[in-house]
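This report refers to the structure that appears directly beneath it.
Laboratory data are not the source of any read-out in this text; all were calculated from the coordinates shown. Being a predicted model, the structure only gives us computed values, none of them experimental. Positions of Cβ are backbone-derived with ideal geometry, glycine not excepted, and every protein chain shown enters the neighbour counts.
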């Protein structure tokens with residue numbers, strides 16, 4: 001792994017790494033925050049998956065999570081949202097191609113060679129971080145918007161790998177959303193049976209989650225029609241799924257919303273990841 | 001004032017305004033955070049002046065100060081660092097012209113028409129905010145790098161207008177620095193007597209400050225040669241100026257440094273601005 005930048009932050013260290021990804025078949029960039037506690041002992045890791053158009057950098061610089069992670073003793077990782085580079089397929093739309101990987105493993109051309117963000121996060125990057133960083137093997141996952149979709153779907157499909165899960169304004173039902181149908185069709189093909197493994201509402205309905213789930217959603221979010229929180233909320237209630245779903249009055253879809261509730265999410269994960 | 005964007009944040013409101021500045025003779029943009037307390041009663045205002053190359057936006061999105069301002073009940077304002085626009089003089093260098101106003105009132109061509117950031121902050125923007133926002137008239141000021149220079153020099157010259165002052169890695173002695181001499185020569189002319197009113201070390205030596213001062217400086221700062229904290233530190237000691245000067249081990253010049261100590265600065269100002 002190559003270090004692109006490194007700064008001391010909140011008594012810990014904020015580092016941007018680049019590495020050659022075998023899974024995505026390109027160079028990938030990600031940010032890591034190690035809290036001061038990591039100098040003394042291995043720490044849990046909280047994954048933060050970002051939304052459409054973001055790189056590894058947006059949440060790392062805008063969400064303010066490092067202060068809370070330093071307080072509670074969690075490491076943070078901020079992966080990129082897609083493969084990138086001149087040789088990587090792309091689309092003119094902001095919500096397909098580079099910056100819009102949707103945390104799936106594409107099976108269709110021209111996407112299948114590089115767009116494998118699900119396997120990248122769950123397997124390759126997880127293994128790389130386990131080897132390179134002082135982690136204790138306890139993982140939580142969160143994310144915003146497309147990244148909230150990624151956090152929920154990755155956790156729901158891998159309950160043995162993640163002990164805690166939360167989301168900020170997640171795309172909750174992408175198989176019935178403009179943020180989902182077009183992309184799943186492009187990446188996964190027109191057979192909608194292949195989409196079900198990437199829809200948090202369908203996964204929750206099918207499998208539930210062994211722990212509890214925290215979801216925050218702003219009531220002034222500009223994208224409520226695409227996010228469809230009512231579908232996931234209904235399933236949480238009807239399945240009797242332990243969860244805290246908060247409709248936060250007046251908040252929109254921006255990082256101001258994420259930053260406003262970041263401390264609550266980091267504490268939520270810390271309480272579950274640091275428990276014996 | 002025109003509202004360019006507005007988001008709820010930490011129970012308060014983050015707004016970006018644009019207005020016609022008579023002092024700078026151009027459109028000026030700035031960010032304001034109003035804490036939740038401002039809905040109930042007028043609040044103090046903490047000014048945050050930004051550094052070279054920044055706009056109103058960098059600290060607003062990266063420094064994480066809103067969380068602390070919401071806790072303590074302070075409003076924040078993030079002015080731009082210079083006049084801007086197609087008709088505004090500029091220079092190819094990053095440290096002269098747009099993005100590099102140095103918080104002075106230029107007297108030289110081609111700068112004197114627009115580059116009047118000292119008067120803009122102290123008089124025009126202050127009056128505008130007093131009229132437009134629920135402020136109680138108690139003002140503090142801080143800033144980073146060039147903005148730390150601005151905060152210190154503006155406060156030291158206006159002790160009746162600002163009750164509290166702090167700085168992050170300020171340019172401390174610009175009349176003896178590469179970050180100062182070239183710009184003061186361009187904006188103020190070659191008579192160095194005109195520069196003394198914009199050098200925190202010279203101002204402190206001449207006038208002191210009626211309260212105490214908080215300054216944080218990272219020991220791994222890439223720009224220590226230009227910042228010259230040792231000059232200001234020596235004067236603080238020799239003048240017996242009440243102050244807290246902290247050399248923070250391992251921190252560089254980035255927003256990771258500002259964010260790491262932002263809470264301390266907001267609390268410092270709150271304790272002084274909220275005192276009876």
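List of remarks:
- The residues A:139, A:19, A:41, when put in order of fewest to most other Cβ atoms within 10 Å, stand as A:41, A:19, A:139.
- Cα-Cα P(r), segment B:170-275, percent of pairs per 10 Å interval: 14, 39, 36, 11, 0
- Inter-copy label distances at residue B:197 (7 Å, Cα→Cβ; nm, one decimal): 7.1
- Partner chain coverage, peptide B:9-19 - average Cβ within 10 angstrom: 3
- Treating r as the C-beta distance of residue B:230 and residue B:40 and R0 as 51 Å, the FRET efficiency rounds to 0.70.
- Label geometry 7 Å along the beta-carbon vector: residue A:161 inter-copy distances in nm: 5.7
- When only alpha carbons of chain B are considered, Rg and Dmax amount to 17.2, 51 Å.
- Average beta carbon contacts from partner chains per residue of B:245-255, 10 Å cutoff: 3
- Per the rotation superposing chains B and A, the chain B residue found at the smallest beta carbon distance from the axis is B:64, 2, distance in Å.
- Distances from residue B:239 to itself in the other copies, using label points 7 Å out along the Cα-Cβ axis, amount to 6.4 nm in increasing order.
- In chain B, the calculated helix contribution to ellipticity at 222 nm averages -8500 deg cm²/dmol per residue, counting -39,500 (n - 2.57) for every DSSP H run with n ≥ 4.
- Residue mean of other protein chain beta carbons inside 10 Å, A:80-87: 0
- Sites residue B:25 and residue A:123, calculated FRET efficiency, Cβ-Cβ separation with R0 56 Å, nearest 0.05: 0.45
- Efficiency of FRET between residue B:176 and residue A:157 - r from beta-carbon atoms, R0 60 angstrom, step 0.05: 0.45
- The order of the peptides A:232-243, A:165-176, B:6-17 by mean Cβ neighbours within 10 Å, most packed first, is A:165-176, B:6-17, A:232-243.
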